[in-house]
Amino acid sequence: MTFFRHVYVPNRPQHRMKGKGLRKRSLAITFQIPTILAACLLLFLTANAQAASLPGKGVEVVPVQSPVAEETFQTLIVVKALAELGYDVHPIKEVDYNVGYTSIANGDATFMAVNWAPLHRDKYLKAGGDKVFYRKGHYISGAAQGYLIDKKTAEKYKISNIGQLKDPKLAKLFDANDDGKADLTGCNPGWGCEAVVEHQLKAFGLEDTVTHNQGKYAAIIADTISRYRNGQPILYYTWTPYWVSGVLVPGRDVVWLEVPFSSLPGDRAGIDTTLANGKNYGFQMNSMRIVANKEFAARNPAAARLFAIMQVPISDVSAQNMMMSQGHNSTADIERHARGWIKAHRSLFDRWLAAARKAAR
């Protein structure tokens, strides 16, 4: 009993102390509940904020472009914007234009930043058109194309229209291989422009006096520039934005040739190619547009909005292309050019990102 008493008698005050302890613990828990709720709320808000700032987190993107290195700069700007939105962007894959459109349509690739419109209309439609592609906005506008000759020859022989080269005597002025025909530095097979050139040579009756030289454009235009520097007459096709017009400057070194009349292949046959300035160089004014897989765009409103609103001045692309022509054309160089452009236009870049994030909410 002594032991029992020792245990039992002190138990009552101990019981009361436990009651007080319970009340203290209850009060502590009462005070802890708001703290726990606040922490949960903070975690929830933080997670939401991260999701809002990185709407592309966990989503893979496969960009494609043509093997034309001068198209990498504008593609990289899109790539870097997507990366800042959290997308897992794979390295850019270089493919032929036709393969690019097919890959995007099938979902094997995500987007291409160099959909030449309307030049690539046939390629776009053949791959599925608006049923499979998402295409909004105009990324780079004001891209011109056409035929040019050196200014000296143009002024001496009063040549202003490519139709004049039906005259064998005038055509022979641009003969680079002594076959009696003018040598036209032309467009690579598969680019889209080659179909227009071939069609127009036939339509303008120039097949017997003009040869359309095709191959790797960078190589054949380099040869053309060398001939110009040696004082020889030159005839070539080119486009903007591209570095050639920074080396052979229209109005100073060379002149654009007009065409006898508007004539385009396929379902563009009835289109008037006369420009706003009244000149007709045989090609419609083009835009580079971002074209993406339609299902991807539907699932990713942030990326879709970004694709729709991005715009880069054509003069900036030409300036970057000029740096490439001067030897700054390595992968690291082009990467540096893209980073530099973004840094110089950071406020604009941030507005694109803000609009993209808002679209994802």
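What follows is calculated from the coordinates using simple rules that are stated; it is not laboratory data. Just so it is clear, the structure is predicted and the values come from calculations on it, not from any experiment. Quick reminder, even Gly has a Cβ in these numbers, built from the backbone with ideal geometry, and neighbours come from all protein chains shown.
May I ask for the equivalent-ellipsoid semi-axes of the range 147-223, computed as the square root of five times each C-alpha gyration tensor eigenvalue and listed largest first in whole Å? Provide the component values of the computation, followed by the final result.
Values: eigenvalues 79, 43, 28 Å².
Gyration-tensor ellipsoid for the range 147-223: 20, 15, 12 Å.
For A269 and R361, compute 0.36 nm times the residue count separating them, minus their Cα-Cα distance, and round to one decimal in nm. Spell out each step's value before the answer.
Working: separation 92, 0.36 × 92 = 33.12 nm, distance 4.47 nm.
Taking 0.36 nm per residue and subtracting the Cα distance, the gain is 28.7 nm.
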How high is the FRET efficiency from D108 to D179, r the C-beta distance, R0 41 Å, rounded to 0.05? 0.40
Modelled label reach - H90, point 7 Å along Cα→Cβ, the range 285-305 residues with backbone N closer than 14 Å: 293
Hey, what do the phi angles of the range 114-129 turn into as Karplus ³J(HN,Hα) couplings, whole Hz, using 6.51/-1.76/1.60 and θ = phi - 60°, x for Gly and Pro? 10, 7, 6, 10, x, 3, 8, 3, 4, 5, 4, 5, 4, 7, x, x
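Calculate how many DSSP beta bridges within the range 145-268 are antiparallel, expressed in % of all such bridges and rounded to the nearest 5.
Details: 9 of 16 bridges.
That works out to approximately 55 percent antiparallel.
Just the projected area, averaged over all directions, of the convex hull on the alpha carbon atoms of the range 39-176: how many nm²? Display every interim value, and only then the final one.
Details: hull surface 51.9 nm².
Orientation-averaged projected area of the Cα hull: 13.0 nm².
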Expressed in nm to one decimal, what extension gain is obtained for the pair K136 and D223 from 0.36 nm per residue of sequence separation less their Cα-Cα distance? 27.5 nm
How far apart, in nanometres, would the label points at A319 and K216 be if each is projected 7 angstrom from Cα along the Cα-to-Cβ direction? 3.0
Using a cut-off of under 16 Å, list every residue of the range 193-232 whose amide N is near the label point 7 Å from the Cα of D167 along the Cα-to-beta-carbon line. 206, 209-210
Provide the FRET efficiency to the nearest 0.05 for the E155-S53 pair, computing r from the beta carbons and using R0 = 45 Å. 0.15
What are the extents of the Cα atoms of the range 239-291 along their three principal axes, in Å, largest first? 35, 33, 19
Here the equivalent ellipsoid of the range 262-301, derived from its Cα gyration tensor, has semi-axes (largest first, whole Å) of 33, 13, 6
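Grab the eigenvalues of the alpha-carbon gyration tensor for the range 172-311, scale each by 5, take roots, and send me the semi-axes largest first in whole angstrom. Don't skip to the end; give the middle numbers.
Numbers: eigenvalues 216, 71, 47 Å².
Over the Cα atoms of the range 172-311, the ellipsoid semi-axes are 33, 19, 15 Å.
Can you give the Rg to Rh ratio of the range 229-350, both from alpha-carbon atoms, with Rh computed by the Kirkwood formula? Numbers along the way, then the final one.
Details: Rg = 18.8 Å, Rh = 18.0 Å.
Rounded to two decimals, Rg over Rh is 1.04.
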What are the extents of the Cα atoms of the range 292-337 along their three principal axes, in Å, largest first? 42, 21, 14
If I model a spin label at A276 and D253 as a point 7 Å from the Cα along the Cα→Cβ vector, what separation in nanometres do I get? 2.7
Distance between the C-alpha centers of the range 111-137 and the range 299-355? Whole Å please. 21
Share antiparallel - DSSP beta bridges, the chain, percent rounded to 5: 60
Dividing the convex hull volume of the Cα atoms of the chain by its residue count, what figure in Å³ per residue is obtained? 188
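Two-decimal Rg/Rh of the range 55-129 from alpha-carbon positions, Kirkwood Rh?
Values: Rg = 12.3 Å, Rh = 12.7 Å.
Radius of gyration relative to Kirkwood radius: 0.98.
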